[in-house]
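Notes follow the structure.
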Amino acid sequence: MSEIKTFQFDKDKFEQIRSYKFGRNWPVVYVIEDGKELYIGETTSVYSRSKQHHENPDRAKLNRIHIITDDEYNKSATLDIESLLIQYISAEGTFKIQNGNDGLRNHNYFDKEKYRAKFESTWEKLKEMALVKQDLVQIKNSDLFKYSPYKALTEDQLMVVKCISKNLEANKEKTYIINGKPGTGKTILAVYLIKYLKENKKTKHLNVALVVPMTSLRKTIRKVFSKVAGLKSSMVVGPNEVVNKNYDILIVDEAHRLKQRKNIANYRSFDITNKKLGFDNSGTELDWIMKSSKQQIFFYDKNQTIRPTDVRPDKFNKLGAIHYDLVSQQRISAGEEYINFIDDLFDLKDLRKYTFPDYDFQIYDDIHKMVEDIKNKDAEMKLCRMVAGYAWPWNSKKNINNHDIEIDGLKMFWNSTNQDWVNSKNAINEVGCIHTVQGYDLNYIGVIIGPEISYDEGNRKLIVNPDNYLDANGWKGINDPDELERYIINIYKTLLTRGIKGAYVYIVDKKLAKYFRDNIKLNRQISNTAAKEKIVSPYAIEMISVPLLGMAPCGAPFNAEENTDEMILVPKSKIQRGIEYFILRATGDSMNKVGINDGDLVLCKQKLTAHENDKVVALIGDRVTIKEFHRDGAQIVLRPRSTNPEHRDIYPDEDVQVQGIVLEVINRFEYEE
């Protein structure tokens, strides 16, 4: 059982830690703080480590130590929990973190899922102690978490850091290109390197900056840098700002978006910068960076060049750079398999080899339904957005009352801002474009593939319709149709790899939609066959018995049943220690829009309080119902989420008791073959 024990961080009181049962010879995690600053660590002797920390002037000014223990802790678990605490507490922003960002590792170990569940329980205890304030989900959705330099790195990221830092410390002037597909952690590593270099004794004196070509992403990362100890927002610059200083190291994120003098908005300003650096009009932003720095680190993906404005890949090939590759997928839950699937889908290759059953990828015939589903996902988990290719005019730019996109009677508006649109107030009611989401992570993305791309069934090839592609800077000066096709396909590949948990797709061209649907259907038939043929040993997954208490209607409430009907086996990984669970069988269709259908078994955790939008098991008098929890002022509202219009909001006129929170629908037979 996990516990948190607090002691004064005073050398005269360390004997109390020594006599504590977990004070010596046991792996623990600890937090030392004074309400403003904080240090997080792990050790097998917190007594000895406390004495060592007190010799450090920065630690000595802290006055409390919270020791996090568990009788099942081991060294691997405490290393993992230490890393998680550093990542989440630093991203919450309440404390100034004294930890450096070196040493955080992302590793597998036995029973990792169990200890991750223990971490969630520990976080709730830290909230009760007012050491942290936000829920883990809130933090995980924040920009400060996504772009924090406190990140546990993958093996390939660590290799890059080790190799590059060794050369930088030796002052060897070189150019590096870090290649990586979407979601391989290019931005994470770029930010990490800035923090690492400014803390390393051998490199902290160097003049270092992070170059971000895209205005919106640059603004977002500047906000993050302003909240991280040791970093400043001025360390994040645009390509045109590098000419103002001489840098030792320039780290360039999204380097594939560096511009050349073609189809740009301000030729005069571009020419002035070229002249200032001694270039003629053929100079590019890549040239500016090379001229303004001794060493360069470019994070690059040639398949994310989306306009003629972008510097061509051959320019990067001529740099004579040292190349490294990032391959571990960090964004998309389906991993590299999904990235390759999207590549092959647009390259018209065989899709039958791909399986990603845990990723929610769907093709829609009804645009209304897709938009509704994305909004429902956003209400559930936030950061779900609609995007489209640039195949509709931007009418609302001149008149905000004029809609931009209309499909099957549904009228939609383009993004009302280019600055941090993903996090803007009205983003869920708008449609973003490639320039608003490139470089960002979303939980779900809804992608509208416009009429600028279609499918020739006879020749089995994609066809680009230039007249339907309305980004003037995207097609001016292009005489080769293959080049334009490459840009448009790269746009959709990039859009379809923004979603962490799922991607929903609507395709305007019916022939292209059929091609997608037929190939994905074939892919899923192969996947399902493989899944059915797979034999799962009952000993392969550790199970826990959870009581089935009876039925709860997803319709009108009925009398509660307290007796246990039977015990249902549930994977232990879904269960947190210290929390009571139960299962109900849903009846009716009032919650079918959130995946709870008649007859489903619903796993719930006992909890007497609820937050807005929680799916709750509510007791109204002696009647039970499953509904979505809302408040209208002081009035509790229990809301159905159904395709059946007969269901109405329930405004109870008697006491309502929340009995539990619905976690998920479970498939009991999945583990009982």
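The values are calculated or read from the model by the stated rules, or taken from the named source; none is laboratory data. Here the structure is a predicted model, which is why all the values come from computation and not from measurement. All Cβ positions, even for glycine, are placed from backbone atoms using ideal geometry, and neighbour counts span all protein chains on display.
Just a yes or no: is a residue in segment 196-210 charged (D, E, K, R), within 22 Å of the chain's Cα centre (by Cα) and outside any helix (DSSP H, G or I)?
Step one: list which residues in segment 196-210 are charged (D, E, K, R), which gives 198-199, 201-202, 204.
In the following step, the residues that additionally are within 22 Å of the chain's Cα centre (by Cα) were identified as none.
No, segment 196-210 contains no residue that is charged (D, E, K, R), within 22 Å of the chain's Cα centre (by Cα) and outside any helix (DSSP H, G or I).
How many residues does segment 392-417 contain that are part of a loop (DSSP other than H, G, I, E, B), out of contact with any strand residue (DSSP E or B) (no Cβ under 6 Å at 6 or more places or on another chain), over 16 Å from ILE367 (Cα atoms) and not basic (Lys, Arg)? Working first, answer last.
Applying the first criterion (part of a loop (DSSP other than H, G, I, E, B)) to segment 392-417 yields 392-394, 398-404, 408-409, 413, 415-417.
Adding the requirement that they be out of contact with any strand residue (DSSP E or B) (no Cβ under 6 Å at 6 or more places or on another chain) leaves 393, 398-402, 408-409, 413, 416-417.
Narrowing further to those that are over 16 Å from ILE367 (Cα atoms): 393, 398-402, 416-417.
Then drop every residue that is not not basic (Lys, Arg), which leaves 393, 399-402, 416-417.
Counting residues in segment 392-417 that are part of a loop (DSSP other than H, G, I, E, B), out of contact with any strand residue (DSSP E or B) (no Cβ under 6 Å at 6 or more places or on another chain), over 16 Å from ILE367 (Cα atoms) and not basic (Lys, Arg) gives 7.
Whether any residue in segment 167-177 is under 30 Å from GLU337 (Cα atoms) and not basic (Lys, Arg) is what I want to check.
In the first step, residues of segment 167-177 are kept if they are under 30 Å from GLU337 (Cα atoms); the result is 176-177.
When the remaining residues are screened for being not basic (Lys, Arg), the result is 176-177.
Looking through segment 167-177, at least one residue is under 30 Å from GLU337 (Cα atoms) and not basic (Lys, Arg).
Would you point out the residue of segment 386-421, among those that are buried (at least 21 other Cβ atoms within 10 Å of the Cβ) and in contact with a Phe, Trp or Tyr (Cβ under 8 Å, 6 or more places away or on another chain), that is farthest from PRO213 (Cα to Cα)?
Step by step, filter segment 386-421, then rank; the result is ILE405.
With the structure loaded, tell me whether VAL29 is within 23 Å of ILE579 (Cβ to Cβ), surrounded by 21 or more Cβ atoms within 10 Å (Cβ to Cβ) and among the aliphatic types (A, V, I, L, M) or whether it fails that test. Outline the logic, then answer.
On the way: within 23 Å of ILE579 (Cβ to Cβ): yes; surrounded by 21 or more Cβ atoms within 10 Å (Cβ to Cβ): yes; among the aliphatic types (A, V, I, L, M): yes.
Yes, satisfied.
Can you tell me how many residues in segment 283-307 are within 24 Å of ILE491 (Cα to Cα) and either surrounded by 20 or more Cβ atoms within 10 Å (Cβ to Cβ) or modelled with pLDDT of 90 or more (or both)? Spell out the reasoning first.
Pass one, segment 283-307, residues within 24 Å of ILE491 (Cα to Cα): 284-286, 298-307.
From the residues that got through so far, the ones that are either surrounded by 20 or more Cβ atoms within 10 Å (Cβ to Cβ) or modelled with pLDDT of 90 or more (or both) too are 284-286, 298-302, 304-307.
Summing the residues that are within 24 Å of ILE491 (Cα to Cα) and either surrounded by 20 or more Cβ atoms within 10 Å (Cβ to Cβ) or modelled with pLDDT of 90 or more (or both) in segment 283-307 gives 12.
Checking the condition in contact (Cβ under 8 Å) with a residue 24 or more places away in the chain, closer than 24 Å to LYS181 by Cβ, out of contact with any helix residue (DSSP H, G or I) (no Cβ under 7 Å at 6 or more places or on another chain) and in a strand (DSSP E or B), which residue from ILE488, ILE448 passes?
Details: ILE488 fails: in a strand (DSSP E or B).
From the options ILE488, ILE448, the qualifying one is ILE448.
Within the set of pairs 6+ apart or on separate chains, which have a first residue in segment 611-626 that is more than 20 Å from ASP135 (Cβ to Cβ), a second that is surrounded by fewer than 14 Cβ atoms within 10 Å (Cβ to Cβ), and C-beta atoms under 6 Å apart?
Once the first residue is more than 20 Å from ASP135 (Cβ to Cβ) and sits in segment 611-626, its partners that are surrounded by fewer than 14 Cβ atoms within 10 Å (Cβ to Cβ) give LEU619/GLN657; GLY621/GLU654; ASP622/ASN559; ARG623/ASN559.
Could you tell me which of the residues THR184, THR175, THR154 is among the β-branched types (Val, Ile, Thr) and within 15 Å of the chain's Cα centre (by Cα)?
THR184
Which pairs turn up if I take residues in segment 31-43 that are closer than 13 Å to LYS96 by Cα and look for partners that are aromatic (Phe, Trp, Tyr) with beta carbon separation below 7 Å, at least 6 apart in sequence or on another chain?
ILE32/PHE9; ILE32/TYR39; GLU33/PHE95; LYS36/PHE95; GLU37/PHE95; LEU38/PHE95
If we keep just the residues of segment 134-156 that are part of a loop (DSSP other than H, G, I, E, B) and aromatic (Phe, Trp, Tyr), which is farthest from LEU442 (Cα to Cα)?
TYR150
Which residues, counting only those in segment 107-133, are in contact with a Phe, Trp or Tyr (Cβ under 9 Å, 6 or more places away or on another chain) and outside any helix (DSSP H, G or I)?
TYR109, LEU131, VAL132
Touching a residue at least 24 places away in the same chain (Cβ under 8 Å), crowded, with 21+ Cβ neighbours inside 10 Å and outside any strand (DSSP E or B): is that true of GLY439 in this structure?
Working: touching a residue at least 24 places away in the same chain (Cβ under 8 Å): yes; crowded, with 21+ Cβ neighbours inside 10 Å: yes; outside any strand (DSSP E or B): yes.
Yes, satisfied.
For segment 3-13, check the following and say yes or no: at least one residue is within 30 Å of MET159 (Cα to Cα), surrounded by 15 or more Cβ atoms within 10 Å (Cβ to Cβ) and charged (D, E, K, R). Write out each step before concluding.
Residues of segment 3-13 that are within 30 Å of MET159 (Cα to Cα), as a first pass: none.
Taking every residue of segment 3-13 in turn, none turns out to be within 30 Å of MET159 (Cα to Cα), surrounded by 15 or more Cβ atoms within 10 Å (Cβ to Cβ) and charged (D, E, K, R).
Residues checked against (1) over 22 Å from GLN98 (Cα atoms); (2) under 30 Å from the mean Cα position of the chain (by Cα):
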| position | (1), (2) |
| --- | --- |
| ILE4 | no, yes |
| GLU15 | yes, no |
| SER19 | yes, no |
| PHE22 | yes, no |
| ASP70 | yes, yes |
| ASN74 | yes, yes |
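I need the full set of residues from segment 534-592 which are of a type in the set (Val, Ile, Thr), at pLDDT below 65 and within 31 Å of the chain's Cα centre (by Cα), in order please.
Looking only at segment 534-592, we keep the residues that are of a type in the set (Val, Ile, Thr), and these are 535-536, 541, 544, 546, 564, 568, 570, 575, 579, 583, 587.
Going one step further and asking which of them are at pLDDT below 65, we end up with 535-536, 541.
Once the filter is applied, which keeps residues that are of a type in the set (Val, Ile, Thr), at pLDDT below 65 and within 31 Å of the chain's Cα centre (by Cα), segment 534-592 yields VAL536, ILE541.
Considering only segment 87-99, how many residues are in contact with a Gly (Cβ under 9 Å, 6 or more places away or on another chain) and either part of a helix (DSSP H, G or I) or not polar (S, T, N, Q) (or both)?
Pass one, segment 87-99, residues in contact with a Gly (Cβ under 9 Å, 6 or more places away or on another chain): 95, 99.
If we keep only those that are either part of a helix (DSSP H, G or I) or not polar (S, T, N, Q) (or both) too, we end up with 95.
So the answer is 1.
For segment 364-373, does any single residue satisfy the condition of being in contact with a Cys (Cβ under 8 Å, 6 or more places away or on another chain), surrounded by 20 or more Cβ atoms within 10 Å (Cβ to Cβ) and within 30 Å of HIS630 (Cβ to Cβ)?
The initial filter retains those residues of segment 364-373 that are in contact with a Cys (Cβ under 8 Å, 6 or more places away or on another chain), namely none.
Looking through segment 364-373, none of the residues is in contact with a Cys (Cβ under 8 Å, 6 or more places away or on another chain), surrounded by 20 or more Cβ atoms within 10 Å (Cβ to Cβ) and within 30 Å of HIS630 (Cβ to Cβ).
In this structure, does ILE164 turn out to be surrounded by 17 or more Cβ atoms within 10 Å (Cβ to Cβ), outside the structural domain of TYR196 (by TED's automatic domain parsing), in contact with a strand residue (DSSP E or B) (Cβ under 8 Å, 6 or more places away or on another chain) and not in a loop (DSSP other than H, G, I, E, B)?
Details: surrounded by 17 or more Cβ atoms within 10 Å (Cβ to Cβ): yes; outside the structural domain of TYR196 (by TED's automatic domain parsing): no; in contact with a strand residue (DSSP E or B) (Cβ under 8 Å, 6 or more places away or on another chain): yes; not in a loop (DSSP other than H, G, I, E, B): yes.
So ILE164 does not fit the description; no.
Which one is nearest to GLU37 (Cα to Cα), of the residues in segment 214-241 that are buried (at least 20 other Cβ atoms within 10 Å of the Cβ), in contact with a strand residue (DSSP E or B) (Cβ under 7 Å, 6 or more places away or on another chain) and modelled with pLDDT under 95?
PHE225
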